[in-house]
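The values are calculated or read from the model by the stated rules, or taken from the named source; none is laboratory data. Fair warning: this is a prediction, and the values are worked out from it, not measured in the lab. Don't worry about glycine lacking a Cβ; one is built from the backbone with ideal geometry, like all the others, and counts go over all protein chains shown. Ligands, DNA and RNA are excluded from the accessible area calculation, which covers all protein heavy atoms including side chains. Shrake-Rupley method; radii C 1.70, N 1.55, O 1.52, S 1.80 Å.
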Amino acid sequence: MQVVYLDNNATTAVAPQVLEAMLPYLGDLYGNPSSMHTFGGQVAEAVDTSREQIAALLGAEPDEIIFTASGSEGDNTAIWSALQSRPERRHIVTTRVEHPAVLSVCRYWETQGYRVTMLGVDSKGRLDLEEYAATIGDDTAIVSIMFANNEVGNIYPIQEMAELARERGVLFHTDAVQAVGKIPIDLHHLPVDMLTLSGHKINAPKGIGALYVRKGVRFRPLVRGGHQERGRRAGTENVPYIVGLGVAAQLCAKFMQEERVDVARLRDKLEYGLLERIPECRVNGDIEHRLPNTSNISFKNVEGEAILLMLDRLGIAASSGSACTSGSLEPSHVLRAMGVPFNYAHGSIRLSLSRYNTAEEIDYVLDKFPGVIETLRAISPFKG
Amino acid sequence: MWNYTEAVHDHFLHPHNAGPLADANAIGEVGSLACGDALKLYLKINDKDVIEDASFETFGCASAIASSSVLTDMIKGMTVDEALKLTNKDIANALGGLPKQKMHCSVMGQEALEAAIRQWKGEPAVPHAHEEGKLVCKCFGVTDAQIIRAIRENNLKTVEEVTAYTKAGGACGECLDEIAEILAAELKQKPVKELKPRPKLTNVQRMQQVLKVIDEEIRPQLAADGGDIELIDVDGKRVVVSLHGRCSQCRSSNVTIANLVQRLLREHVEPDIVVEEA
């Protein structure tokens, strides 16, 4: 069955250009970039090219890019490095709506004696900048706040928050896994010290990511060993995937402007269409400051997993903030932080688009989706 | 993605007996919007105590809907007494099994069935959750009695399993230590043996076995709480007992009989014994 894939915040298709660029490095070009011979040296060049491509997308210097195996590794490393390089500072600032890759790391450091402030959000998932300003003190080692939220798509005011952190002499890290490639980021003008990105969210494969560390920022490696990545991340480079990530970054830089408009248009068509056709649903998040590809809608009195499985039967792939989908028993921590009422929170569906979606696909979804909600509401004991 | 059986998929996508039942004379409601799943079970019970018709309305995931659907199929045509013997395991088995994290859906089915029958009998409509036992999990409203029952009926060994079957401890986690204590206390008791098919008993054999179980299993447990038990009569599968000491004054002596004496006699003697208090 043809699948309408609307789960691009979970992972994306590997772009054909990316795959093509990778293949030689899974074949003949298997050299080790650290080797002294030409056979390895030509591979080292490919790694450098990728570093340049990523730096170009972000407005960074190639030296400021460290390859990692995942977004989670980037987040872990950033927080580790900040705490290790300023051991006298014992305070971490983050938010309640972070990805677990930051949230659980902060909770871990809390058990190690650190004080952690988790900033709350309002009903649209927005942070309070005054509260933020009041939180940062002389003891703060790092602020880690996501660039954009994976569940509702909110884009946070990173510029203002990073500027304030810099004024106070506090390191600022942002998990930009959902933002990179979807919205412009220019680190020449954005005073963040560290930024995490992940390959598989931008049409590169899984298992590759990068951490940006601004020149001059003290760094302590998480993975120690060989001298790779100039001693900042040991382990022989994952060359094919690094090459793929570079090409993916290049594609983002090339197509981002038009995609932002095109994908947002499709997303809006989908969102307005669903709101028009289905009574008693609401959009979660801050629709004025949102990723162009993400829509999070809650359907009253129905449960998210049931919706997902019915959509799945129709060949529509989406995700849900419902408790049942995760195996946990509580709905999404993001929706709870936003105070979304239970009768809506359990029935939340995230639809996240990509450049590969078409208007025909959206029409198909708009045709099928209302029937799913109607069916489930008909057997729900909660009416009205 | 959950590894659901074909039966779960079938009952979820094409639920049987969905929707309210106009001439229902018993309705059981369990769960809530906050919990993430809820079931309203409708029964039509005739004057011979037979469940003539059943239907459901469910808010919840695929396994909650499938459990409700298969439950209504199972109980149609059963007498009230037969229906009361259904366990959550029976419901899960009828679906070819449920993922462990989803077992609470089958427990919800069994609880709704009990709630409906209670209503039909004219017993207080409160779900049995709040009537017996002390509240352990405040997030999902689960009592120690529910937890103990899930442990015994499903032979649970870990706190994680208790959460999967009852939801208790699945949210804030504050009660996890308490669950661990309940579990430890339960596991120290003689482990519940798997029911094996037994040969049919004669009246004399049944009487002897009932006496033996009361002496060896039940009395020592009641004695621990300062109570005692006396066998009054064995009439076919109906066992009449009298409780003494602290048990007889206890507000929840009905619970003691149902949960302890009957359970042990069913386990050790015959699976369909009914215990009554003289």
Exercise. Go through B:83, B:64 for me and flag whichever is open to solvent by less than 10 Å² (accessible area, probe 1.4 Å), aliphatic (A, V, I, L, M) and within 12 Å of another protein chain (Cβ to nearest Cβ).
Key: B:64
Quiz item: Which is free of Cβ contacts under 8 Å to residues at least 12 places away in the same chain and under 21 Å from the mean Cα position of the chain (by Cα), of A:276, A:258?
Solution: A:258
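Of the residues A:330, A:271, A:305, A:276, only one is farther than 22 Å from residue B:138 by Cα and open to solvent by 20 Å² or more (accessible area, probe 1.4 Å); which? Explain how you work it out, then say what you get.
On the way: A:330 fails: farther than 22 Å from residue B:138 by Cα; A:271 fails: open to solvent by 20 Å² or more (accessible area, probe 1.4 Å); A:305 fails: open to solvent by 20 Å² or more (accessible area, probe 1.4 Å).
Going through A:330, A:271, A:305, A:276 in turn, just one is farther than 22 Å from residue B:138 by Cα and open to solvent by 20 Å² or more (accessible area, probe 1.4 Å): A:276.
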Quiz item: Consider residue A:84 against the criteria (1) open to solvent by 20 Å² or more (accessible area, probe 1.4 Å); (2) closer than 27 Å to residue A:191 by Cβ; (3) without any contact (Cβ under 8 Å) to a residue 24 or more places away in the chain: it satisfies all of them except one. Which criterion is unmet?
Solution: (3)
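Could you run through the range A:240-254 and say how many residues are β-branched (Val, Ile, Thr) and open to solvent by 10 Å² or more (accessible area, probe 1.4 Å)? I'd like the intermediate steps shown before the answer.
Just the residues of the range A:240-254 that are β-branched (Val, Ile, Thr), to begin with: A:242-243, A:247.
Checking which are open to solvent by 10 Å² or more (accessible area, probe 1.4 Å) leaves us with A:243, A:247.
Count: 2.
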Quiz item: Any idea which residue in the range A:336-384 is surrounded by the fewest Cβ atoms within 10 Å (Cβ to Cβ), counting only those that are in contact (Cβ under 8 Å) with a residue 60 or more places away in the chain and among the aromatic types (Phe, Trp, Tyr)?
Solution: A:356
Practice problem: Could you check, for the range A:70-81, whether at least one of its residues is within 26 Å of residue A:336 (Cα to Cα) and not in a helix (DSSP H, G or I)? | Solution: no
Quiz item: Given A:202, A:185, A:145, which one is crowded, with 20+ Cβ neighbours inside 10 Å and without any contact (Cβ under 8 Å) to a residue 60 or more places away in the chain?
Solution: A:145
Quiz item: Looking only at the range B:1-17, which residues are in contact (Cβ under 8 Å) with a residue 24 or more places away in the chain and open to solvent by less than 50 Å² (accessible area, probe 1.4 Å)?
Solution: B:4, B:5, B:7, B:8, B:9, B:11, B:12, B:15, B:17
Practice problem: Might you check whether a residue that is surrounded by 15 or more Cβ atoms within 10 Å (Cβ to Cβ), within 18 Å of the chain's Cα centre (by Cα) and of a type in the set (Val, Ile, Thr) occurs anywhere in the range A:168-179? | Solution: yes
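Looking at residue B:92, is it assigned to a helix (DSSP H, G or I), open to solvent by less than 20 Å² (accessible area, probe 1.4 Å) and under 22 Å from residue B:24 (Cβ atoms)?
Working: assigned to a helix (DSSP H, G or I): yes; open to solvent by less than 20 Å² (accessible area, probe 1.4 Å): yes; under 22 Å from residue B:24 (Cβ atoms): no.
So residue B:92 fails the test.
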Quiz prompt | Evaluation of residue A:53 against (1) within 26 Å of residue A:356 (Cβ to Cβ); (2) among the polar types (S, T, N, Q); (3) open to solvent by 60 Å² or more (accessible area, probe 1.4 Å) (one fails), failing number | solution = (3)
Exercise. Return the total of residues in the range A:5-16 being in contact (Cβ under 8 Å) with a residue 12 or more places away in the chain and open to solvent by 10 Å² or more (accessible area, probe 1.4 Å).
Key: 7
Exercise. Test each condition in (1) surrounded by fewer than 21 Cβ atoms within 10 Å (Cβ to Cβ); (2) assigned to a helix (DSSP H, G or I) for residue A:282 and report the one that comes out false.
Key: (2)
Quiz item: Since residue B:72 meets every condition but one in (1) in a helix (DSSP H, G or I); (2) modelled with pLDDT of 95 or more; (3) surrounded by fewer than 24 Cβ atoms within 10 Å (Cβ to Cβ), which condition does it not meet?
Solution: (3)
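Suppose the filter is touching a helix residue (DSSP H, G or I) at 6+ places or on another chain (Cβ under 8 Å), assigned to a helix (DSSP H, G or I) and open to solvent by less than 30 Å² (accessible area, probe 1.4 Å); does residue A:19 pass it?
Numbers: touching a helix residue (DSSP H, G or I) at 6+ places or on another chain (Cβ under 8 Å): yes; assigned to a helix (DSSP H, G or I): yes; open to solvent by less than 30 Å² (accessible area, probe 1.4 Å): no.
Here the answer is no, as residue A:19 does not meet what is asked.
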Quiz item: Any residue at all in the range A:121-132 that is assigned to a strand (DSSP E or B) and either assigned by TED's automatic domain parsing to the domain that holds residue A:229 or without any contact (Cβ under 8 Å) to a residue 40 or more places away in the chain (or both)?
Solution: no
Quiz item: Which residue, of A:121, A:102, A:116, is closer than 27 Å to residue A:334 by Cβ, aliphatic (A, V, I, L, M) and open to solvent by less than 10 Å² (accessible area, probe 1.4 Å)?
Solution: A:102
